[in-house]
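The values are calculated or read from the model by the stated rules, or taken from the named source; none is laboratory data. Note that the structure is predicted; figures quoted are calculated from it, not measured. Every residue, glycine as well, gets a Cβ built from its backbone with ideal geometry; the counts of neighbours run over all protein chains shown. Note: areas computed on protein heavy atoms with side chains; ligands, DNA, RNA excluded. Shrake-Rupley method; radii C 1.70, N 1.55, O 1.52, S 1.80 Å.
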Amino acid sequence: MNEQNEWAVKANGATGRIDKWLAEQQDWSRSQVQDWLKAGHVEVDGRIVKPNYKMSGTEEILVRIPEAVELEVLPEDIPLDVVYEDSDVIVINKPKGMVVHPAAGHVSGTLVNALLHHCQDLSGINGVKRPGIVHRIDKDTSGLLMVAKNDLAHESLAQQLKDKTTERLYIALVHGEIPHELGTIEAPVGRDKNDRQRMTVTDKNSKAAVTHFRVLERYEGFTVVECKLETGRTHQIRVHMRYIGFPLAGDPKYGPRKTMKMNGQALHAAVLGFKHPRTGEMLHFEAPLPEEMTFEISQLKKLELES
């Protein structure tokens, strides 16, 4: 077996199921750890154990992390809303419901599949599974995304994201009426130890996260806000707005269930700005709200006028 990495750790008094404990130590999903245990990639005191092995607290554990298996990513003729394109970059207005890059369970119908058909030239820095992808937005978040068409562009755009010089504004519809006009949420985001598919505000195994928001409109029980990302953590806006008590409407993971007839969270990447990697020119793009969000907001307006 080809190993990409080995990780040795001592239990140091930890007890309970080994799969749960290991998942909490690193940014791994519990299902991934269980797969490794079943495949014999985890040794406890030199022997293979099952995922439900109960730890005594004295064990020495070795995890052999296998190399990621490359998925076969094929070009697919999927229509794209191209906002801007030249020989270095392409800006896409991604529809809600489209996954950005292939992964287990989503090997086709993704933005990467569509890009491979649309462009013959995409950067290879992030490997076969994510050609050209510099940043991503969630499946059920719509809006603007920048893609690198060569390695020079990829390195430049990635550095701009790291230096926090890109402009990224989102429009969100949230539950509750936010009383103040402006705010900043500065709270670290990491994986939820009780549910590895969710993120949460936590001090454990987390990364710094900052979201600025501005109230645009208020309706009975709801607020439309503009969110500006200073960092780009997984599910950041969704987690941060929930943390301050104003979860996104339609969000099946972090919000109240079935409050609106929406397929996923009411979140749209409305503005994207960055410096062109070759010319240095500042580029600025805007994408209108998707029809589903526009409809829900219009219904709130209608209810307010009728009351």
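Tally up the residues in the stretch 239-264 that are on the phi < 0 side of the Ramachandran plot and modelled with pLDDT of 85 or more, please.
16
Can you confirm whether Val73 is over 30 Å from Pro131 (Cβ atoms) and in contact (Cβ under 8 Å) with a residue 24 or more places away in the chain?
no
Does at least one position in the stretch 232-244 carry a residue that is in contact with a Pro (Cβ under 8 Å, 6 or more places away or on another chain), open to solvent by less than 30 Å² (accessible area, probe 1.4 Å) and more than 17 Å from Asp140 (Cβ to Cβ)?
no
Does at least one position in the stretch 43-64 carry a residue that is hydrophobic (A, V, I, L, M, F, W, C) and either on the phi > 0 side of the Ramachandran plot or in contact with a Ser or Thr (Cβ under 8 Å, 6 or more places away or on another chain) (or both)? Even if it seems obvious, please write down each step before you answer.
Here is the first cut: in the stretch 43-64, the ones hydrophobic (A, V, I, L, M, F, W, C) are 44, 48-49, 55, 61-63.
Applying the additional criterion that residues be either on the phi > 0 side of the Ramachandran plot or in contact with a Ser or Thr (Cβ under 8 Å, 6 or more places away or on another chain) (or both) yields 55.
Yes, some residue in the stretch 43-64 is hydrophobic (A, V, I, L, M, F, W, C) and either on the phi > 0 side of the Ramachandran plot or in contact with a Ser or Thr (Cβ under 8 Å, 6 or more places away or on another chain) (or both).
Within the stretch 127-220, considering only strands (runs of 3 or more DSSP E) that don't extend past its boundaries, which have at least 1 residues that are without any contact (Cβ under 8 Å) to a residue 60 or more places away in the chain and open to solvent by 20 Å² or more (accessible area, probe 1.4 Å)?
Details: elements: 142-148, 167-175, 182-186, 189-192, 195-201, 210-219.
It comes to 182-186, 189-192, 195-201, 210-219.
Quick check on the stretch 35-81: of everything there that is out of contact with any strand residue (DSSP E or B) (no Cβ under 9 Å at 6 or more places or on another chain) and over 28 Å from Ala103 (Cβ atoms), which residue is most open to solvent (accessible area, probe 1.4 Å)?
Arg47
The conditions are (1) over 30 Å from the mean Cα position of the chain (by Cα); (2) at pLDDT below 90, and Trp28 fails exactly one of them. Which is it?
(1)
Scan (1) in contact (Cβ under 8 Å) with a residue 40 or more places away in the chain; (2) open to solvent by 50 Å² or more (accessible area, probe 1.4 Å); (3) not acidic (Asp, Glu) for the single condition Pro247 breaks and write down its number.
Among (1) in contact (Cβ under 8 Å) with a residue 40 or more places away in the chain; (2) open to solvent by 50 Å² or more (accessible area, probe 1.4 Å); (3) not acidic (Asp, Glu), Pro247 violates only (2).
Open to solvent by 30 Å² or more (accessible area, probe 1.4 Å), assigned to a helix (DSSP H, G or I), among the polar types (S, T, N, Q) and over 24 Å from Glu167 (Cα atoms) - does that describe any residue in the stretch 256-273?
no
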